[in-house]
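To start, the structure under review is shown below, and the notes come after it.
The values are calculated or read from the model by the stated rules, or taken from the named source; none is laboratory data. The model shown is predicted, which means the values in this text are computed figures rather than measured ones. Positions of Cβ are generated from backbone atoms using ideal geometry, with glycine treated the same way; all protein chains shown enter the neighbour counts. Remember, those area values only see protein heavy atoms, side chains included, never the ligands or the DNA or RNA. Shrake-Rupley method; radii C 1.70, N 1.55, O 1.52, S 1.80 Å.
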Amino acid sequence: MSLLGLPLLPTTIVGSYPQPDWLIDRDGLKSRLPPRIRASELWRIKEPQLADAQEAATLVAISDQRLAGIDIIGDGEMRRESYSNRLATALAGIDIDTPGMAMDRTGAMNPVPRVAGPIRRIGPIEAQDAAFLKARAGGPVKITIPGPFTMTQQAQNDYYPDARSLALDYADAVNAEARDLFAAGVDIVQLDEPYLQAKANEARAFAIDAINRAVKDVGGLTALHICFGYAHVHKGAAKPGGYAFLEELEASDVDIISIEAAQPNLDPSILLELPSKYIMYGVIDLNDPGVESAETVAARIRRALPYIDAERLIIAPDCGMKYQSREVAFGKLKAMADGAAIVRAELGVA
């Protein structure tokens with residue numbers, strides 16, 4: 001048995017799953033950079049019916065994951081326009097009426113939250129969503145929230161003396177949110193921190209302090225996702241074969257590190273840099289419009305096993321799946337679960 005009493009090589013999604021076109025303007029979503037500020041114009045269903053529609057879409061995401069054979073279920077981020085903007089715009093200290101600007105990791109400027117006062121969490125943001133997920137998933141569940149370092153990079157700081165001070169207050173807000181998520185029944189809380197890779201030099205200055213503050217005494221298993229960016233946004237671009245910021249996470253208090261490995265054809269020997277962590281290992285290439293075979297997935301898993309004990313390996317896509325079609329996303333998840341089952345059988349574990 002491995003993590004959370006699950007079979008060896010448990011499977012999970014990273015975060016997002018395709019939102020239905022009846023819920024959100026998918027073409028509009030794909031035509032722009034991921035929103036950092038509120039983007040209510042993307043929703044096809046308006047208040048007061050929007051919350052019910054988002055719940056219905058969440059049930060679809062849960063059902064698809066269960067049908068595909070996924071072990072650790074997520075909500076698919078159906079209630080968000082992006083992985084970060086829902087939480088980041090719900091905090092005190094953010095002027096939501098006057099956005100700022102910051103450079104996205106693509107090099108383009110993007111509207112972002114403008115920090116105009118002290119960052120504070122006013123109250124629970126996703127706890128109700130977490131309780132809804134736990135009550136319906138039928139097993140272990142995971143919820144994602146943006147991490148403090150990435151939120152700092154995705155903001156215009158007009159209040160704090162430096163980025164470190166801002167990140168530490170973001171960390172306190174994340175910590176409070178994570179505690180409420182665990183109280184609501186979540187098994188894993190994942191911090192999304194893609195900007196650790198994008199801004200590695202600045203990350204070395206204070207990111208680990210902020211991350212450790214964010215997960216301190218939260219009351220459950222924590223994960224951290226670090227990637228090279230959505231395949232849709234970085235379409236066709238060659239991704240690095242290694243991370244600029246990874247071994248530093250061994251010093252973090254996070255339990256699970258999530259990395260993308262399939263699209264960049266990552267050298268799996270880098271797993272040796274994280275000897276004490278569970279690894280959520282990306283085996284689904286989201287730049288590939290086709291559905292991988294189960295054997296292709298199994299081969300990707302096998303490549304990692306010389307460098308990590310199978311007991312520490314969790315199987316996942318490279319990144320969030322929001323830009324995929326539902327048909328392709330489901331097929332990829334099913335191939336992922338079947339590929340994990342192949343390797344599990346080879347290891348002599350049912």
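Scanning the stretch 187-223 for residues that are out of contact with any helix residue (DSSP H, G or I) (no Cβ under 6 Å at 6 or more places or on another chain) and in a helix (DSSP H, G or I) yields Q197, A198, A200, N201, E202, R204, A205, D209, I211, N212, V215.
Yes/no matrix, rows are residues, columns are (1) touching a residue at least 60 places away in the same chain (Cβ under 8 Å); (2) of a type in the set (D, E, K, R); (3) part of a helix (DSSP H, G or I); (4) farther than 17 Å from H225 by Cβ:
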| residue | (1), (2), (3), (4) |
| --- | --- |
| I70 | yes, no, no, no |
| M78 | yes, no, no, yes |
| D97 | no, yes, no, yes |
| R105 | yes, yes, no, no |
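Of the residues making up the stretch 5-40, those that are touching a residue at least 12 places away in the same chain (Cβ under 8 Å), assigned to a helix (DSSP H, G or I) and surrounded by 15 or more Cβ atoms within 10 Å (Cβ to Cβ) number 1. Would you confirm whether or not the stretch 265-279 contains a residue that is crowded, with 17+ Cβ neighbours inside 10 Å, modelled with pLDDT of 95 or more and under 16 Å from the mean Cα position of the chain (by Cα)? Checked against the condition, which is being crowded, with 17+ Cβ neighbours inside 10 Å, modelled with pLDDT of 95 or more and under 16 Å from the mean Cα position of the chain (by Cα), the stretch 265-279 yields at least one hit. Of the residues that make up the stretch 160-175, is at least one modelled with pLDDT of 95 or more, open to solvent by less than 10 Å² (accessible area, probe 1.4 Å) and β-branched (V, I, T)? Yes, the stretch 160-175 has at least one match. Just to be sure before I move on: is G229 buried (at least 18 other Cβ atoms within 10 Å of the Cβ), on the phi > 0 side of the Ramachandran plot and at pLDDT below 95 in the structure I sent? For G229, the condition - buried (at least 18 other Cβ atoms within 10 Å of the Cβ), on the phi > 0 side of the Ramachandran plot and at pLDDT below 95 - is met. For residues that are outside any loop (DSSP other than H, G, I, E, B) and open to solvent by 50 Å² or more (accessible area, probe 1.4 Å), scanning just the stretch 115-129, find the one that is nearest to R38 (Cα to Cα). Among them, the one singled out is A116. Here W43 does not qualify as closer than 27 Å to V328 by Cβ and exposed (fewer than 15 other Cβ atoms within 10 Å of the Cβ). Exactly one residue out of V254, V297, V283 is surrounded by 19 or more Cβ atoms within 10 Å (Cβ to Cβ) and more than 20 Å from the chain's Cα centre (by Cα), and it is V297.
Out of the stretch 125-151, which residues are of a type in the set (G, A, S), within 18 Å of R80 (Cα to Cα) and in contact with a strand residue (DSSP E or B) (Cβ under 7 Å, 6 or more places away or on another chain)? A130, G147 - these are the residues of the stretch 125-151 that are of a type in the set (G, A, S), within 18 Å of R80 (Cα to Cα) and in contact with a strand residue (DSSP E or B) (Cβ under 7 Å, 6 or more places away or on another chain). Taking the conditions (1) open to solvent by less than 10 Å² (accessible area, probe 1.4 Å); (2) farther than 19 Å from Y83 by Cα; (3) hydrophobic (A, V, I, L, M, F, W, C); (4) assigned to a loop (DSSP other than H, G, I, E, B) in turn, V291 satisfies each one other than (1).
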